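The values are calculated or read from the model by the stated rules, or taken from the named source; none is laboratory data. Fair warning: this is a prediction, and the values are worked out from it, not measured in the lab. Positions of Cβ are backbone-derived with ideal geometry, glycine not excepted, and every protein chain shown enters the neighbour counts. To get the accessible areas, we keep the full protein, side chains included, count just its heavy atoms, and leave off ligands, DNA and RNA. Shrake-Rupley method; radii C 1.70, N 1.55, O 1.52, S 1.80 Å.
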Amino acid sequence: MIISIDPDLVKSGVAVIQDGKIQALLALSFYDLTQFIEQHPTALYVIENVEYDKTTYIRPGLSRAAMNKVAQNVGQVKGTHRQILNWLEAKGCQVKRVAPLKGPVKQRAKKDAKYFNKITGWTGSSNEDKRDAALLGLFFQT
């Protein structure tokens, strides 16, 4: 079983994948995620390495205040990422940190639920964080 995580401060996207198929997509608070990990200690955890890219890029059209908010949000996600990793390591879980997926297919699948369903076979509801977690678990490189 692969459990993939797209870290976020409020609720992280989580995908449960078995035999190459999505079994569940979840959005879990940090506390709920720790409880979920307790229930699945033998899974392979694939987590998006949000520290892979060290830079917060200037985004055209955003004010200085908006850019500062982006930087703050990135910092919060990085902190959550570290806490999730600490918890997984403390529990002795097998963890694979992967670089964020890139490219037009990933971007489209993250933003477009119908396209995501078409390429993954998923039929349930989802949001961008859940889809991102699923894409990580389905397409990470070993």
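Residue by residue through the range 114-142, note down the ones that are small (Gly, Ala, Ser) and open to solvent by 40 Å² or more (accessible area, probe 1.4 Å).
Gly121, Ser125
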Could you grab me the full set of residues in the range 92-111 that are out of contact with any helix residue (DSSP H, G or I) (no Cβ under 9 Å at 6 or more places or on another chain) and open to solvent by less than 90 Å² (accessible area, probe 1.4 Å)?
Gly92, Lys96, Ala99, Gly103, Gln107
Can you list the helices (runs of 4 or more DSSP H) lying wholly within the range 60-129 that have 2 or more residues being of a type in the set (Gly, Ala, Ser)?
64-90
Answer residue from the range 8-35, given it is without any contact (Cβ under 8 Å) to a residue 24 or more places away in the chain and assigned to a helix (DSSP H, G or I) and is farthest from Gly121 (Cα to Cα) among those:
Tyr31
